[in-house]
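First up is the structure itself, then whatever we jot down about it.
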Amino acid sequence: MNGSSRQHGRSSSSVRDAKLEEKPVVHDDEDEKPLLDNKKDIFEKITAYEYEEARNMDPAKAVELYHTILEKFEENAVEVLAMKHGFESNDPNRMLLLRMEGLNYLTSLRTINRLLKIRLKIVRDEEETTRKDVDSEQYLLQNLLYEDANIQSQVAAAQDYKRMDEKIDLIPVDQFYKDAPPNVAKAEVTKIDPHHLRIARLEYEFLQRQHLTNECARLESEKGITIKKIKDKQVQIDGVRPLFKEVLKATLPLQNFFGLDISTKKIANDFERHLPSPLYILFVQSEAYQKSAEANHNFIIRIGGDVEAAKELVVAQEEIQDESDSERNLDADAEISERRILRKRSSIGMSLDDNRKRTFQKHPLWIEWIVKWKGTESLTIQFYYLIKLQIVTVKSRVHRDATDGTTSTSISGNSDNVLMELFPNDYGQESPNPTNNFIFNKFGISSLSTYLKETGKPYVWAQKICGLEFPELGGISGEGYEVNSKMVVSCKNIEGTLRQIRKRLVSQSKLWSQMKALETRNMQIPSTAKDFFPQKNSTTFVSWEAIDYETYLANKYTKQLIVSEGVSFKDMFYKAVLQRGRTKMTALVSIKMDFPAVAPVFCIQLDMDGQLRNGTSDGPIREIEREINVHAPEEFAEWSDILISLQLHKLMMCCDIILETDFILGEAIGLS
């Protein structure tokens, strides 16, 4: 049956092909061109008709019609298949009719599909046109908003503009007419015209400043003459003092004869006599400076310690000297020899720790300086002499009386370092005496720096003011240092050292005040510096707290500063936190002991919703650090006392700039 069906199909196809061959299409040459034109017109009309039908058709009804035709086509195909397989009677006419119906169904399906695609294309074209119009309007709106913001900023700048002469504090108008000469006041003109009045007041201010400049020059000249007189008197005093001591010494029997009350002086002399040579030199020169015309009650010298222990030490040293002399004498006393042998045995039996303690043994007496500032702040400096090492060490502590009557023992958090680098490269970490290295090697001492808490710090300037001279001090010493007698060395350096100590105390006092203000989030800036900052920052100052070197070192983005030695363990470290919305900026600040001579160093990290940005890999953050660490100290040089507050204001402004810039760039990328 299948074979007959296939044969019938082939025969039907042959009949259809034969029918097509029976009706050939013949075109005359004369009608060929008009026929082509007619085809073109027909195609355009059909296309226009299809677009119109597609635009007006209902998609839902078209889909419903599509499914209906598809069902009918399926029924047609099933019937044709049944006839081919012989399930139904094989009527050629019926088969031809079914085929024609199937072709009609396929044509209808293709027509509906084509109309739907044409409608889809029309909708997409309209959507694209509408999108372009919307984008164009959006760009126009953005341009208008930008122009509006630009015009508003220009208006604000014009409203905030201040002329240079407005910063000059001129005298009131009434006082101007009262004090100014008539040729400057010109009342007949200035009372009518405010502009001429302003010019006249500025001219009078200029004349007043000229007068003050001349007066200042005259006073400077008188000051120079007075300083010269003071120096001449100082030379006279320095020359008279030794003679005065000789006179007092010569009249001592006469004072005893008349029973004068000199017990206090005796006690002082008793302490002075038992001071080691370097500390005695320091005491004499300090006392001379205190009593000179250039010193005042803000500088106090004291001698502390146990004088009886000092006397015993002198006796022990004399015995050792006698024993060393007796070694050369064959007829030495038996008792001295026995005592020497016992001491040698005891020294041999001493442990290594005992020998180390003996190496760092201090003299029982010491010198104490008290340098005061503003009555409430003072710096106490104690000078010790290490007998074995033959060097002078220093310990210091800072006192400040608070408003509530209590006393703070530190201004900057670490008063032991307040004198560090008082002079360039003088850190007080190593012994200035080169012979000490052999002593350290003998007892297994790696360095003096591990014992500084116990002994104090051997600053180079401390050796100078005590008259000690070491070969290595020549390259580090300041101007005017000469290898001369110990008294001359001390005299040449004590005044400059005290001047540096006072300067350091003043700077540390101002730094302490600034730290207290920052801890309470009080960042007042002078009115003359307000022009450097916007009227209001969006970024807020959250906190300021002190941290240690280990905490600073734990942050990886500070490694570059540590490696480049821009920051060291000798500095003071603080942490500042700024915030704007969900963005937090952390600044780790290192401050040198000689602030404000050396500006603080800021190391910055920006936290934007968990995304960390710092100077190790982020260019904008490096630019901010350069602005804060390099350019800001130059801009705010005249306000160095409050430099940290101004740097924080600058940092808040930079934080606003980088966040707003990132926001604008993000919008631009989103639009593109």
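The values are calculated or read from the model by the stated rules, or taken from the named source; none is laboratory data. Keep in mind that this is a model prediction, so the values were computed, not measured. A quick note on method: Cβ atoms are made from the backbone with ideal geometry, for glycine too, and the neighbour counts reach across all protein chains shown. Side chains are part of the model used for accessible areas, which takes the heavy atoms of the whole protein and leaves out ligands, DNA and RNA. Shrake-Rupley method; radii C 1.70, N 1.55, O 1.52, S 1.80 Å.
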Dimensionless Rg ratio for segment 613-658, taking C-alpha atoms and the 2.2 N^0.38 Å reference | 1.16
Ranking by accessible area, most exposed first, for Ser538, Ser568, Ser286 with a 1.4 Å probe = Ser538, Ser568, Ser286
With every protein chain present, what accessible area does Thr540 have (1.4 Å probe, heavy atoms only), rounded to the nearest 10 Å²?
-> 70 Å²
Where in segment 568-672 are there trypsin sites (Lys or Arg not before Pro) that are in a DSSP coil and have at most 11 other Cβ atoms within 10 angstrom of their Cβ?
-> Arg582
Of all GluC sites (Glu not before Pro) in segment 560-637, which ones are in loop regions per DSSP and have a Cβ with at most 16 other Cβ atoms within 10 Å?
-> Glu565
Gained length - Ser136 relative to Asp41, 0.36 nm times residue gap less alpha-carbon distance = 30.4 nm
Extent of segment 68-202 along each principal axis, from alpha carbon coordinates, in Å, largest to smallest?
-> 137, 21, 17
From the cross-link list Lys233/Lys503; Lys362/Lys503; Lys457/Lys575; Lys291/Lys492; Lys516/Lys556, which pairs have alpha carbons spaced over 18 Å apart?
-> Lys233/Lys503; Lys362/Lys503; Lys457/Lys575; Lys516/Lys556
Under a 1.4 Å probe, counting only protein heavy atoms, Ser277 has an accessible area in Å², nearest 10, of 70 Å²
Under a no-solvent Debye model with one identical scatterer per Cα of segment 541-620, what's log10 I(q)/I(0) at q = 0.18, 0.23 Å⁻¹?
-> -0.76, -1.16
Of all the C-alpha pairs in segment 51-116, what % are more than 18 Å from each other?
-> 46 percent
Quick one: accessible surface of Lys503, probe radius 1.4 Å, all protein chains present, in square angstrom to the nearest 10.
-> 140 Å²
Of the listed pairs Lys357/Lys510; Lys464/Lys592; Lys40/Lys117, which have alpha-carbon separations greater than 29 Å here?
-> Lys357/Lys510
Distance check, please: which entries in Lys229/Lys372; Lys39/Lys84; Lys167/Lys228 exceed 32 angstrom between their Cα atoms?
-> Lys39/Lys84; Lys167/Lys228
Cα gyration tensor, segment 518-672 - rounded (a/c under 1.5), prolate or oblate = oblate
Taking Lys and Arg as +1 and Asp and Glu as -1, residues besides Arg124 with C-beta under 14 Å from its C-beta add up to +2
Qualifying lysines (Cα of each under 18 Å from Cα of Lys249; at least 8 residues distant if same chain) | Lys265, Lys266
If one computes P(r) from the Cα atoms of segment 582-672, what percent of pairs lie at distances over 20 Å?
-> 40 percent
